[in-house]
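Q: I'd like to ask you about the structure that follows.
The values are calculated or read from the model by the stated rules, or taken from the named source; none is laboratory data. Since the model is a prediction, treat every value here as computed from it, not as a measurement. Note that we place each Cβ from the backbone using ideal geometry, even for glycine, and neighbour counts take in every protein chain shown.
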Amino acid sequence: MAARYTKYTRSKPPASSVASPYSRSTTPRTPRGHHADRALLVSLVASLALHFVPGVHWVTYPLRLLVTFIHEGFHAFATLLTGGSVHAINIEPGGSGVTLSAGGFNPIIASAGYLGATLYGAVILWMLRKGAHGSRLLGLTAILVALATVGGILHPFTLLAGLLITAALMGLATKLPRHAANWAASFVGAQFAMNALIDLNTLWVLSVSGTTPTDAQNMFKMTMIPAGFWATLWLGMSLWILWRMVVRPAIKSN
């Protein structure tokens, strides 16, 4: 009998993304926190410029693929964590992705993609505010992409994109001085957080239409609860994560 796989997907995102202007601090502002805030502000301005200037979407394209690698990587991690097996991770040129898995606890697996990407971005910003080396965070991200690439080793575009993104991140992690690496990691973290929100908005639209396979549609098939409910729930949880780890501490520090 042929094995039955479940597909966990990241829907094709918009052509550009916008970063967040916030960062985290649980104590009165320090020079370190001030630098983190300034880095995030620059990330926001740069992202807005890339978003509105025609013909420069190719600049944000690698970031879109990077977010998809992490999204699918969290699906794979949740599968393994709940006792399942991962058979493939495929990233498509348009920015979408799919993880083929068998077994595991499907509700956790389906929820892990969008929530995991949001949490990962929030953790990067939180750790930078706490004084973590940006180079180490970039290196960690490179390792996660490399692990996800192993799952797509038979998929030519996944293999090529994964190797290039891993090499670029490791190059930034090893070549940039600490100050510049912190700025780069801040930009990457903000992109993760905000791309997850943009993707969840796209997911909600696709879930309402009911014609495109999505993680929310998988949840509907498992629970018979409408896909729009799951998309709304994940969006709310992502906003809560960003509020607690990024926005609220930044407001308190001011």
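Q: Looking at Leu203, Leu160, can you tell me which residue is within 24 Å of Leu50 (Cβ to Cβ), hydrophobic (A, V, I, L, M, F, W, C) and without any contact (Cβ under 8 Å) to a residue 24 or more places away in the chain? Explain how you work it out, then say what you get.
A: Details: Leu203 fails: without any contact (Cβ under 8 Å) to a residue 24 or more places away in the chain.
On inspection, the qualifying residue turns out to be Leu160.
Q: Related question: Would you check if there is a residue in the stretch 189-200 being in a helix (DSSP H, G or I) and more than 21 Å from Ser96 (Cα to Cα)?
A: no
Q: Turning to a different aspect of this structure: Residues of the stretch 155-178 being surrounded by 14 or more Cβ atoms within 10 Å (Cβ to Cβ) and at pLDDT below 95, which ones?
A: Selection gives His155 alone.
Q: Given the conditions (1) over 30 Å from His133 (Cβ atoms); (2) assigned to a helix (DSSP H, G or I), which single one is not true for Ile225?
A: Status for Ile225: all satisfied but (2).
Q: Also: Cβ-Cβ distance below 7 Å, separation of 6 or more or different chains: which pairs start in the stretch 229-254 with a residue that is over 16 Å from Ile124 (Cα atoms) and end on one that is part of a helix (DSSP H, G or I) and polar (S, T, N, Q)?
A: Ala231/Ser207; Trp234/Ser111
Q: Only one of Ser207, Ser186 is within 26 Å of Phe105 (Cβ to Cβ) and not β-branched (Val, Ile, Thr); which?
A: Ser207
Q: Can you pull out the helices (runs of 4 or more DSSP H) entirely within the stretch 76-178 that have at least 1 residues that are more than 30 Å from Leu233 (Cβ to Cβ) and in contact with a helix residue (DSSP H, G or I) (Cβ under 6 Å, 6 or more places away or on another chain)?
A: Those helices (runs of 4 or more DSSP H) span 134-151, 156-175.
Q: Out of everything in the stretch 99-147 that is on the phi > 0 side of the Ramachandran plot and modelled with pLDDT of 90 or more, what residue ends up being farthest from the chain's Cα centre (by Cα)?
A: Filtering first and then ranking leaves Gly103.
Q: For residues that are loosely packed, with under 13 Cβ neighbours inside 10 Å and at pLDDT below 90, scanning just the stretch 223-254, find the one that is farthest from the chain's Cα centre (by Cα).
A: Filtering first and then ranking leaves Asn254.
Q: State yes or no: is Ala117 aliphatic (A, V, I, L, M), in contact with a strand residue (DSSP E or B) (Cβ under 9 Å, 6 or more places away or on another chain) and surrounded by 23 or more Cβ atoms within 10 Å (Cβ to Cβ)?
A: Taking the combined requirement at face value, the residue satisfies it.
Q: Also: Residue pairs, Cβ under 8 Å, 6 or more apart or interchain, first in the stretch 138-154 and crowded, with 18+ Cβ neighbours inside 10 Å, second among the polar types (S, T, N, Q) and outside any helix (DSSP H, G or I). List them.
A: Sorted first by the residue in the stretch 138-154, then by its partner, the pairs are Gly151/Thr99; Gly152/Asn90.
Q: Here is a further query. For the stretch 167-180, which residues satisfy the criterion of being more than 21 Å from Ala49 (Cα to Cα) and not β-branched (Val, Ile, Thr)?
A: Ala167, Ala168, Leu169, Met170, Gly171, Leu172, Ala173, Lys175, Leu176, Pro177, Arg178, His179
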